[in-house]
Amino acid sequence: MPLKTSSPIWRKSRLAARLLIKAGQGKTLSEAQLSVASILAQDTEVTDRLIDQAKHSLKGSYAKRNSSL
Amino acid sequence: MQKEIPLFSWPMPLQWKSPSGKILYDLLSAIPATRATPLVLFGSAALQMTVAPSVLSADVDVFPDVVVGVDSREFPHPLSRTELSDVVKDIGYAKGSASIYIQVCSESTFEPGPRCWRRAMSENIGKSRCTVPHPYDILFTKLQRYEAKDLEAFQAVLATIGQPDEKTLLDEMQSCYRFFIKPSSPRTEEHLPRPFPLGDLRNNVRKLWVKLYGRQLNIEKEIIQPALEQRQSDHADFKTGHKALLASIVAKARSKRTL
């Protein structure tokens, strides 16, 4: 059985963080993305703490990818 | 001239030739190899066998250690508290049989702070093992009772090793700040044995501070608040409002589209 590398809650939090980053860059969210964002904003499992962690994690992974180029 | 503080290194050799040491050695040697048992030594005897030989006590307090995980292979059939008490009786160190006697206690008698088991030291005698908590942990547990003799133990340790100084002891107290939080309802002492109806840790620590360091201690400001601030900075090290922002992005985008 393959090893799970992330939990569903963490994946949802990362998704919320991605949407926030995208919106923060001034990009327009599609209708599908807005629907997901709306669900995630009301999801009690997704917390500000996890979204904050996910934003830092994504920022870190972008930085690492860019520095290795 | 400032008094030179003697070096205090831990773990240190256990003083098996001290009065308590000899008795404990007899007990550990009397435990059959097939029933090897890990013991924890606490109370004044633990101080006598380590940092403060002048601390005298009539009893040697021990309890059979909880055996879990890897230790269960090393100690497959440890003695129970009752069986250990029987061994103590057999070798003539039961209460009333010797001037210095062994008291086999339960684990719950000893209530140390959270650092205790990471810095306890152990020594094997035969197949059995003696674990001795750090002197700071031994001293801390004396604060529940805080009789004159308990203050004497603090003073003896301080005089011998120059520790714990005020800063060290404050740090120790902050590590177990939960013990100091004032109960919201009037304190009942039901969890403490009857001989210690006045076992109020907060008051005892205040009294100790005056005697040991010559000043009043503010428990809220110097123990609880710094500990809580530290925890707050560790636990709340994130921005809030992400979910609200996500909801507002959705609301804005949808209101634009409906216009």
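The values are calculated or read from the model by the stated rules, or taken from the named source; none is laboratory data. These numbers come from a predicted model, not from an experiment. In this analysis, Cβ positions are derived from the backbone assuming ideal geometry, glycine residues included, and neighbour counts consider all displayed protein chains.
Among (1) within 14 Å of chain A (Cβ to nearest Cβ); (2) modelled with pLDDT of 95 or more, which single condition is B:Leu208 missing?
B:Leu208 satisfies all of (1) within 14 Å of chain A (Cβ to nearest Cβ); (2) modelled with pLDDT of 95 or more except (1).
Considering only strands (runs of 3 or more DSSP E) fully contained in segment B:19-129, which possess at least 1 residues that are more than 20 Å from B:Asp150 (Cβ to Cβ) and without any contact (Cβ under 8 Å) to a residue 40 or more places away in the chain?
Qualifying strands (runs of 3 or more DSSP E): B:121-125.
Restricting segment A:51-69 to residues that are hydroxyl-bearing (Ser, Thr, Tyr) and without any contact (Cβ under 8 Å) to a residue 40 or more places away in the chain, which is farthest from the other protein chains (Cβ to nearest Cβ)?
Initial filter on segment A:51-69 (hydroxyl-bearing (Ser, Thr, Tyr)): A:57, A:61-62, A:67-68.
Applying the additional criterion that residues be without any contact (Cβ under 8 Å) to a residue 40 or more places away in the chain yields A:61-62, A:67-68.
Values: A:Ser61: 18, A:Tyr62: 18, A:Ser67: 25, A:Ser68: 27 Å.
Applying the filter and picking the extreme gives A:Ser68.
So that you can scan it fast, the table gives a plain yes or no per residue for (1) part of a helix (DSSP H, G or I); (2) within 9 Å of another protein chain (Cβ to nearest Cβ); (3) buried (at least 17 other Cβ atoms within 10 Å of the Cβ):
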{"site": "A:Ala17", "(1), (2), (3)": "yes, yes, yes"}
{"site": "A:Leu20", "(1), (2), (3)": "yes, yes, yes"}
{"site": "A:Ala23", "(1), (2), (3)": "yes, yes, yes"}
{"site": "A:Gly26", "(1), (2), (3)": "no, no, no"}
{"site": "A:Leu40", "(1), (2), (3)": "yes, yes, yes"}
{"site": "A:Val46", "(1), (2), (3)": "no, yes, yes"}
{"site": "A:Arg49", "(1), (2), (3)": "yes, yes, no"}
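One line per residue, one yes/no per condition, for (1) at pLDDT below 95; (2) surrounded by fewer than 14 Cβ atoms within 10 Å (Cβ to Cβ):
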{"position": "B:Pro78", "(1), (2)": "yes, no"}
{"position": "B:Thr82", "(1), (2)": "no, yes"}
{"position": "B:Val88", "(1), (2)": "no, no"}
{"position": "B:Tyr93", "(1), (2)": "no, no"}
{"position": "B:Phe110", "(1), (2)": "yes, no"}
{"position": "B:Gly126", "(1), (2)": "yes, yes"}
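Of the numbered conditions (1) touching a helix residue (DSSP H, G or I) at 6+ places or on another chain (Cβ under 9 Å); (2) free of Cβ contacts under 8 Å to residues at least 40 places away in the same chain; (3) over 30 Å from B:Tyr177 (Cα atoms), B:Tyr136 satisfies every one except a single condition; which is it?
(3) is the only condition that B:Tyr136 fails.
Any chance you could count how many residues in segment B:211-259 are outside any helix (DSSP H, G or I) and either away from chain A (no Cβ under 14 Å) or surrounded by 11 or more Cβ atoms within 10 Å (Cβ to Cβ) (or both)?
Count: 10.
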